[in-house]
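Everything below concerns the one structure shown next.
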Amino acid sequence: MNIEEKAYNPKSVEENILNFWQDNNLYSPEYKSNKNRKKTFSIILPPPNANSSLHLGTMSGNTIQDILGRYHRMIGDKVLLIPGKDHAAIQTEVVFEKILEKKGIKKRDLTREDFYTQCYEFCMQNRKIAKTQELNIGLSADYSRERFTLDNDITNMVYDTFIRMFNEGYIYRGKRIINWCIKDQTALADIDTEYREEEGKLYYIKYGDLTVATTRPETKMADVALAVNPKDKRYKHLIGKSIQIVSIEGERSLPIIGDRGVDPEFGTGVLKVTPGHSKEDFKIGENNNLPIISVIDTRGRITYGKYKDLKIKEGREKIVEDLQKLGLIEKIEDIKHNIQICERCKQEIEPLISYQWFIRTKDFAKEAIKASENNEIHFYPKRQENNYMRFLENIEDWCISRQQWWGQRIPAYYCGGKETIIDSKGDITEKILGCGEIIVSKDKPNECPKCGNKNIVQDEDIFDTWFSSTQWPYSVLGGVGSKDYKEFYPTNVMETGRDILFFWVARMVMMCIYTTGKVPFSKVYLHGLVLDKEGQKQSKSKGNGIDPKDMIDKYGTDALRLSLVSSISPDQDFRLYDEKVKGFRNFINKIYNSSRFIFLKIGDLTEDEKSKLKKLIASGNIHTKTNIKIHAEMHDHISNINRFMKNFEIGLAAFQIQNFYHHTFCDIYLEEMKAHNSIEAKADLINIFLQNILLMHPFIPFITENIYQILKEENLIDSSEDSIMYEKYPGIK
RNA sequence: GGGUUCGUAGCUCAGUUGGUUAGAGCACAACAUUGACAUUGUUGAGGUCACUGGUUCGAAUCCUGUCGAACCCACCA
């Protein structure tokens with residue numbers, strides 16, 4: 001810092017400080033000052049997706065993580081923040097396919113290997129950019145330990161888990177109804193889908209004497225029953241009977257069953273049961289032992305009779321036309337209804353019957369629930385615990401296979417390969433062509449262990465990205481039993497966005513308890529989303545995103561950090577915009593100028609005077625007549641900040657350090673001190689100043705490190721530490 | 001349908017277990033500034049703390065209900 005300049009120039013200062021921290025390896029738990037530290041504090045940083053540069057939301061999380069890390073370093077813990085990057089299976093595949101499309105290349109033009117290699121390259125470039133961004137925001141993570149979720153050893157651990165779960169019966173290959181994305185050509189877990197309200201039509205179709213209201217007449221041929229509510233007086237007497245119908249599929253008989261899930265208020269109160277193309281109906285089918293018929297394939301085309309190969313919507317029109325000709329359409333109403341869409345590509349989801357890999361989640365969920373009940377895991381804010389519990393209590397089996405290329409290929413092998421057949425009745429079966437054996441193994445077996453068949457074919461599918469990322473807390477440390485695992489696992493805090501509580505946090509607890517026997521972290525802090533000035537979610541499609549780099553270039557990193565955390569509360573979304581960051585820049589400048597003033601005031605002391613000054617500070621007996629009040633206020637301030645930090649009230653702490661420095665330290669104390677020039681007064685000034693700088697360091701690390709270094713250069717403080725990062729936090733013994 | 005959060009100054013937001021006169025920043029007005037800072041300071045104006053009823057010596061804070069906004073989960077056949 002050149003204190004000749006009237007205004008603070010963050011750019012050059014931050015660059016120097018950053019180099020100083022990195023060159024000396026200060027972020028590492030192996031750094032010399034950590035040598036005698038026993039208590040560890042570790043955070044697994046949520047690995048951002050390696051398919052783009054970081055957005056502000058990720059960086060707001062990084063800032064909170066870093067504040068916690070720096071605070072704990074200063075209260076004497078051996079701190080490890082572990083960075084990583086996530087391959088983000090489907091999302092990255094979608095993003096990368098678009099990039100290829102721009103070059104006029106279609107995914108299927110490439111071999112699987114080429115696609116993978118190119119996508120890997122793409123991710124490595126983003127990984128580098130993201131790392132630079134993380135470093136620039138001051139994230140004090142140990143990059144010698146940085147990992148990518150597709151690193152070989154990580155994948156190996158993921159495979160080990162899969163194999164163990166398979167052998168213990170927690171993983172099965174099953175025929176179930178799944179969410180199928182026709183655009184992405186893959187199965188999706190429920191959680192990977194969203195709902196969107198759309199205008200549609202409700203068709204009232206005659207089934208013999210009864211009328212059924214449906215939005216999906218094209219699945220009519222897959223009906224296997226009609227269902228009514230057992231309490232519905234209109235239809236109660238029909239339960240257990242059958243109805244003869246004549247319709248486009250000819251003459252046939254459908255059983256009438258009772259199911260409590262049928263809403264008597266909707267339509268006519270009669271539901272057509274289509275287990276092959278509706279999740280609810282699939283459940284009804286299971287409960288009543290009904291057959292399953294499929295009439296739509298994975299391309300979203302009809303497979304039945306004369307409608308074969310028509311797209312769903314074309315088929316619907318044609319079928320309605322034919323029904324009308326037969327006089328079977330009673331009426332058509334307009335309806336607003338929610339359609340299920342793919343979270344990634346936003347296209348409509350088709351529920352289809354398919355063979356996929358599933359995890360039996362019920363037992364795992366029980367353990368994860370127990371962890372919370374036994375107070376082994378705490379949520380900030382506490383109310384999120386309810387969401388966590390409700391998710392786990394209602395959890396369904398987790399579909400972990402995806403029909404994609406970018407990710408970890410499932411280590412399952414089929415004797416002779418497999419094929420899926422829809423028979424003439426519309427029944428889907430998966431047939432393993434050899435002796436029927438499925439071999440789960442990390443390496444490809446030479447032959448089938450059961451029948452000796454040499455023709456062994458690997459499953460084409462990859463894992464859901466969350467299958468690997470939920471194992472991240474121990475895999476990133478090198479796995480169970482590794483040196484880092486022993487020292488840093490379980491970790492202390494999971495700090496992440498409130499939007500991935502279910503995707504990641506809850507499943508991480510389940511998976512890690514299974515693989516390590518321990519709850520992976522004892523505290524979960526969930527932050528809100530960063531919104532734009534109008535309170536809208538920032539997104540690339542809206543173009544309302546704020547580029548973190550712009551803010552840093554314009555106002556400096558410390559200013560941006562403060563604006564990301566000051567006055568926030570956990571879980572609560574907050575707005576960020578130019579003027580806000582500018583305000584914090586003004587505060588940082590205030591710190592600069594006040595320090596400039598202090599250095600001018602201290603003036604050129606002789607070495608004797610400096611040593612007297614330091615002795616006065618060390619003795620603690622430096623009260624001067626004019627400023628007794630400040631000591632009491634400092635004392636309260638320090639204990640408040642420590643209390644806030646312990647309760648994860650980061651927003652309050654950030655707000656208070658700024659407020660105190662500006663309006664108590666500068667506006668009152670510093671003004672008063674203008675009249676005092678004794679060595680005692682100067683000692684007092686330096687002492688209070690230093691306390692404030694230390695208090696502020698976790699939040700605004702750059703300027704505080706810079707001031708600290710000047711205090712040392714000027715020989716105004718004594719310390720064996722090279723950096724403020726390892727100084728003792730005020731109020732901590 | 002179930003759940004959560006929010007509603008405080010013109011705007012953006014704090015308000016730590018219920019406790020004097022409800023705070024900050026931005027914006028606004030006036031004044032000041034020769035030991036730092038016009039990216040500053042001082043002072044001021046600006047609030048029925050959404051509304052309603054209750055608990056309490058005392059409510060922005062706790063409880064009932066209403067209105068408005070946002071979000072999550074489930075489902076819409």
> Could we say that A:Asp499 is modelled with pLDDT under 95, within 28 Å of A:Pro411 (Cα to Cα), surrounded by fewer than 17 Cβ atoms within 10 Å (Cβ to Cβ) and not β-branched (Val, Ile, Thr) here?
Replying inline: no
>> Tell me the residue from A:Tyr195, A:Tyr207 that is within 13 Å of RNA strand B (Cβ to nearest atom) and farther than 30 Å from A:Gln404 by Cα, please.
In response: A:Tyr207
> Do any residues in segment A:560-583 that are more than 6 Å from RNA strand B (Cβ to nearest atom) have Cβ atoms under 6 Å from those of residues that are among the charged types (D, E, K, R), where the two are at least six apart or on different chains, and which pairs are they?
Replying inline: A:Ser563/A:Lys580; A:Asp571/A:Arg498; A:Tyr577/A:Lys533
> Tell me, which helices (runs of 4 or more DSSP H) lie completely within segment A:516-605 with 1 or more residues that are under 22 Å from the mean Cα position of the chain (by Cα) and of a type in the set (A, V, I, L, M)?
Replying inline: A:557-565
>> Name the residue that is nearest to A:Glu198 (Cα to Cα), counting only residues in segment A:311-346 that are more than 16 Å from RNA strand B (Cβ to nearest atom) and in a loop (DSSP other than H, G, I, E, B).
In response: A:Cys345
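Hey, can you tell me all the residues within segment A:329-382 that are under 21 Å from the mean Cα position of the chain (by Cα) and among the polar types (S, T, N, Q)?
To start, the set of residues in segment A:329-382 that are under 21 Å from the mean Cα position of the chain (by Cα) comprises A:341-346, A:359, A:361, A:364-365, A:368-369, A:371-372, A:377-382.
Listed by number, the residues that qualify are A:Thr361, A:Ser372.
Take segment A:660-680 and flag every residue that is of a type in the set (A, V, I, L, M) and either more than 23 Å from A:His637 (Cα to Cα) or modelled with pLDDT under 85 (or both). If you could, list the steps in order and put the result at the bottom.
Applying the first criterion (of a type in the set (A, V, I, L, M)) to segment A:660-680 yields A:668, A:670, A:673, A:675, A:679.
Those that are of a type in the set (A, V, I, L, M) and either more than 23 Å from A:His637 (Cα to Cα) or modelled with pLDDT under 85 (or both): A:Ala675, A:Ile679.
Have a look at A:Ile99, A:Ile178, A:Ile129 and point out the one that is of a type in the set (A, V, I, L, M), out of contact with any strand residue (DSSP E or B) (no Cβ under 7 Å at 6 or more places or on another chain) and under 29 Å from A:Glu350 (Cα atoms).
Details: A:Ile178 fails: out of contact with any strand residue (DSSP E or B) (no Cβ under 7 Å at 6 or more places or on another chain); A:Ile129 fails: under 29 Å from A:Glu350 (Cα atoms).
Of the residues listed, the single one that is of a type in the set (A, V, I, L, M), out of contact with any strand residue (DSSP E or B) (no Cβ under 7 Å at 6 or more places or on another chain) and under 29 Å from A:Glu350 (Cα atoms) is A:Ile99.
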> Give me the pairs: first residue in segment A:478-507 and outside any loop (DSSP other than H, G, I, E, B), second residue within 16 Å of RNA strand B (Cβ to nearest atom) and among the charged types (D, E, K, R), beta-carbon distance under 6 Å, and six or more apart or on different chains, which are they?
Replying inline: A:Arg498/A:Asp571
> What number of residues in segment A:104-145 are modelled with pLDDT of 95 or more and either of a type in the set (Lys, Arg) or in a helix (DSSP H, G or I) (or both)?
Replying inline: 28
>> So if I check each of A:Lys325, A:Lys279, A:Lys272, which one is closer than 17 Å to A:Glu218 by Cα, surrounded by fewer than 14 Cβ atoms within 10 Å (Cβ to Cβ) and not β-branched (Val, Ile, Thr)?
In response: A:Lys325
>> Just to be sure I understand the filter: pairs with C-beta atoms under 6 Å, separated by 6 or more residues or on different chains, first member in segment A:197-211 and in a loop (DSSP other than H, G, I, E, B), second member of a type in the set (A, V, I, L, M). Which pairs pass?
In response: A:Gly208/A:Ile243; A:Gly208/A:Ile245
>> As an exercise: evaluate A:Asn544 against (1) modelled with pLDDT of 85 or more; (2) more than 30 Å from A:Ile686 (Cβ to Cβ); (3) surrounded by 13 or more Cβ atoms within 10 Å (Cβ to Cβ) and give the number of the one condition it does not meet.
In response: (1)
> What is the one condition in (1) of a type outside the set (Asp, Glu); (2) free of Cβ contacts under 8 Å to residues at least 12 places away in the same chain; (3) crowded, with 18+ Cβ neighbours inside 10 Å that A:Thr557 does not satisfy?
Replying inline: (2)
> Is there any pair with a first residue in segment A:312-334 that is closer than 13 Å to A:Tyr207 by Cα and a second that is among the aromatic types (Phe, Trp, Tyr) and not in a loop (DSSP other than H, G, I, E, B) whose Cβ atoms are under 9 Å apart and which are 6 or more apart or on different chains, and what are they?
Replying inline: A:Leu323/A:Tyr203; A:Leu328/A:Tyr207; A:Ile329/A:Tyr203; A:Ile329/A:Tyr204; A:Glu330/A:Tyr203; A:Glu330/A:Tyr204
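The values are calculated or read from the model by the stated rules, or taken from the named source; none is laboratory data. Because the structure is predicted, anything quoted here is derived from the model rather than measured. In this analysis, Cβ positions are derived from the backbone assuming ideal geometry, glycine residues included, and neighbour counts consider all displayed protein chains.
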